[in-house]
Amino acid sequence: NELRHCKHKELVQTCNQLAINYEENRQFDESSMFRYAAMETKRLDNQGLWKYLNLYWFYKWSSGYGENWRRAGVVLLGILILFGILYATPFTRFDYGEKKREIISNEVDQMIYNFAGEGERFHEMSLPDGLVHSFAVASFQRPGPKPADILTKALVVLETILAPLQAALL
């Protein structure tokens with residue numbers, strides 16, 4: 001196992017050196033190919049499940065180790081659309097703020113108004129609103145409406161991390 005690790009380390013060094021040589025000769029496609037090979041060798045050096053559950057695998061999947069801008073763009077667009085759809089599901093709730101209160105003298109009418117007002121204040125988004133909200137969250141805006149429950153807050157935080165990270169790989 002140690003011998004195998006040493007051979008992989010030498011292969012990584014060789015691929016990196018070849019990438020540098022090709023880059024110096026302005027042969028960028030070949031350089032990119034050797035950088036990709038070096039990163040893939042590092043990823044495959046892991047054993048078992050760790051071959052897939054590591055940062056190299058996510059880096060490969062999300063942007064081809066930083067060598068494939070099209071893949072990075074498609075994944076970024078996928079993240080934005082996925083979160084837009086999630087924001088439009090019935091599982092997420094947003095706080096649209098309080099409406100102007102009316103003065104109601106009858107106690108029963110007041111209870112009905114309060115119940116109906118609560119339904120208007122907290123509700124789901126439409127799909128177009130969810131997509132716009134997703135783009136706003138990804139661009140570090142503080143869009144309204146605010147998330148009303150823990151699941152929605154978690155989705156906003158997760159998108160705030162993933163979308164800019166993916167945009168950096170682009």
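The values are calculated or read from the model by the stated rules, or taken from the named source; none is laboratory data. Predicted model only: the values in this text are computed from it and were never measured. So basically every Cβ, Gly included, is an ideal-geometry build from the backbone, and we count neighbours across all protein chains shown. SASA here: full protein model, heavy atoms, side chains in, ligands and nucleic acids out. Shrake-Rupley method; radii C 1.70, N 1.55, O 1.52, S 1.80 Å.
Numbers at a glance
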quantity: Selection from the stretch 131-147 of residues that are at pLDDT below 90 and open to solvent by less than 40 Å² (accessible area, probe 1.4 Å); calculated: 143, 145, 147
quantity: Pairs with Cβ under 9 Å, 6+ apart, first in the stretch 35-46 and free of Cβ contacts under 8 Å to residues at least 12 places away in the same chain, second open to solvent by less than 50 Å² (accessible area, probe 1.4 Å); calculated: 46/54
quantity: Some residue of the stretch 84-103 being surrounded by 12 or more Cβ atoms within 10 Å (Cβ to Cβ), at pLDDT 80 or above, within 16 Å of the chain's Cα centre (by Cα) and closer than 30 Å to residue 31 by Cβ; calculated: no
quantity: Boolean, residue 51 is over 16 Å from the mean Cα position of the chain (by Cα) and on the phi < 0 side of the Ramachandran plot; calculated: yes
quantity: Boolean, residue 58 is closer than 28 Å to residue 164 by Cα, of a type in the set (Phe, Trp, Tyr) and at pLDDT 85 or above; calculated: no
quantity: Within the stretch 1-19, considering residues that are at pLDDT 85 or above and open to solvent by less than 70 Å² (accessible area, probe 1.4 Å), the one farthest from residue 63 (Cα to Cα); calculated: 18
quantity: Unmet requirement for residue 79, which otherwise passes all of (1) within 30 Å of residue 136 (Cβ to Cβ); (2) open to solvent by 30 Å² or more (accessible area, probe 1.4 Å); calculated: (2)
quantity: Test set (1) modelled with pLDDT under 85; (2) open to solvent by 50 Å² or more (accessible area, probe 1.4 Å); (3) touching a Phe, Trp or Tyr at 6+ places or on another chain (Cβ under 9 Å); (4) more than 24 Å from residue 61 (Cα to Cα) - residue 170 fails condition number; calculated: (4)
quantity: Residue within the stretch 27-48 that is modelled with pLDDT under 85, under 30 Å from residue 157 (Cα atoms) and either touching a strand residue (DSSP E or B) at 6+ places or on another chain (Cβ under 8 Å) or of a type in the set (Ser, Thr, Tyr) (or both) present; calculated: no
